[in-house]
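Data block below; observations after.
None of the figures in this text is laboratory data; all of them are computed from the coordinates on show. Just so it is clear, the structure is predicted and the values come from calculations on it, not from any experiment. In this analysis, Cβ positions are derived from the backbone assuming ideal geometry, glycine residues included, and neighbour counts consider all displayed protein chains.
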Amino acid sequence: MTKAPARAGAGLTERFLNDSPKPRRRWRRLVLAAAVLAAAAAGAWYFLGGVATVTVARPERGPAVEAVYATGAVEPTFWAKVSSTVVGRIAEIPVKEGDKVKAGDVLMRLDDREAKHKLAEAEAKERFLTQEVARMSMLAQRDFASQQQFQRTVSDHAQAVAAVAQARQRLSDLTLTAPLDGEVLRLDGNVGEVPRAGDVVVWVGQREPMRIEAEVDEEDIPKVQRGQKVLVKADAWPNRVFVAHVTSLTPKGDPVSKNYRVRITLDPGQPLQIGMTAEVNIVARETKDALLVPFGALRGEAVFVVDGARVRRRTIKAGIVGTTKVEVLEGLKDNELVVVDPPPGLKDGDFVKSRSAPAPKEGAAAAAR
């Protein structure tokens, strides 16, 4: 079929208007098809697992506690360890564990038969020399004895007096008495045994008030002050927290262990027993209504916040950093969603699918060492 020739005199503009619509319509169809394919591909990539699935949670409000952690042993505030300064066989134990005693009451007697014989011998010698001094004094006055003989007798008498005092002291050392009013907390020894000199055989003390002697690392000791509240836990009561207060700090630390001794007085009526091991958290700082996020959400000095289908890296100012929670001072609002545990490689602007974390327990808190 022969195409009709263009009209004579038809201008360039008219020919362009007649010929251009078909190519432009094809271009628009191509662009629309590409956009549909791109959207379909993006949707398939999103829903078929091409983006990371993250667990999110909103910040919560609760107490944040900065605490200094230490361990120690429960002991009476007023007590004493009784030991013998001499070696001797245990002959009698007139008290039992748990007995109430007064200062000076006999707790234990060691075999004193030999000591009594030596005391009797020393006293006999001292009596003889006392009479001898009187006799020599009379003889010296009448010039029947020299002054040298008299002085020697006086010196022998003085030695005898000292020997008697020494024998009496040794006899006394074989009887162990209570150094203070209290209770027999523990007996270590049985009749017939021979404890070494210096071995503790009796503990005497008062059950109230009780305290914990804890060792605090030298890095943490600047945070500890007298009067601070202390939270105490013991294995015997795993679900209970006991309250105590710091009462004293040793001025001198141990250069080997790099620890300082801190004494913590328990509130009255606590069921903790003498000798129990306790974990203590000395409260250095506490915020009652802090904004808290899970510790796992922290990445350096930032967290990831969900913004629609993307995440944004948000720099925050952290306060107290605990083992499970982190206090947020600046950079985050209560109603924002935070990625709880960002997967490796997550970047600012990445697409994500989010799912809610389990509801937090009431009274959640951040506790820092």
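Some notes on this structure:
- Backbone HN-Hα couplings from phi across the stretch 143-148 [Karplus 6.51/-1.76/1.60, Hz, Gly and Pro as x]: 6, 8, 9, 7, 5, 5
- A straight Cα-to-Cα reach below 13 Å connects Lys233 with the aspartates and glutamates Glu279, residues fewer than 8 places away in its own chain not being considered.
- Each Lys or Arg adds one and each Asp or Glu takes one away; over the other residues whose Cβ falls under 14 Å from the Cβ of Arg170, this sums to -1.
- Kirkwood analysis of the stretch 140-231, using all unique Cα-Cα pairs, places the hydrodynamic radius at 20.0 Å.
- Between Leu329 and Lys317, Ala318, Gly319, the built amide H atoms are under 5 Å apart, and every one of these is 5 or more places off in sequence or on another chain.
- Inter-centroid distance (Cα atoms) of the stretch 49-117 relative to the stretch 213-270, Å: 14 Å
- Counting only lysines at least 8 places from Lys333 when in the same chain, those with an alpha carbon closer than 27 Å to its own are Lys288, Lys317, Lys325, Lys347, Lys353, Lys361.
- Inter-probe distance in nm under a simple model that places probes 7 Å from Cα toward Cβ, at Asp267 and Ser172: 4.6 nm
- The ellipsoid equivalent to the alpha-carbon distribution of the stretch 52-145 has semi-axes of 73, 20, 13 angstrom, derived from the gyration tensor eigenvalues as √(5λ) and listed largest first.
- Dipole check for the stretch 112-173: with +1 at the C-beta of Lys and Arg, -1 at the C-beta of Asp and Glu, and the Cα centre as origin, the magnitude is about 60 Debye.
- Taking a quarter of the surface of the Cα convex hull of the stretch 235-369 gives a mean projected area of 12.2 nm².
- Summed residue charge, Cβ within 12 Å of Val311's Cβ, Lys/Arg positive, Asp/Glu negative: +3
- Filtered chymotrypsin sites (Phe, Trp or Tyr not before Pro), the stretch 129-215: DSSP coil and at most 12 other beta carbons within 10 Å: Phe144
- Long-range amide H partners of Asp99 with built H, under 5 Å: Val184
- Applying 1/(1 + (r/R0)^6) with r as the Cβ-Cβ distance of Lys223 and Gln151 and R0 = 51 angstrom yields a FRET efficiency of 0.15.
- Formal net charge of residues neighbouring Glu97 (Cβ-Cβ distance under 14 Å; K, R +1; D, E -1): +1
- The HN-Hα couplings worked out from phi for the stretch 197-204 by the Karplus form 6.51 cos²θ - 1.76 cosθ + 1.60 (θ = phi - 60°) are 4, x, 5, 6, 10, 9, 10, 10 Hz, whole numbers, x standing for Gly and Pro.
- The stretch 112-173 - Rg and Dmax from Cα coordinates, angstrom: 14.1, 46
- Less than 5 angstrom separates the built amide H of Thr324 from those of Ala367, all sequence-distant by 5 or more or on a different chain.
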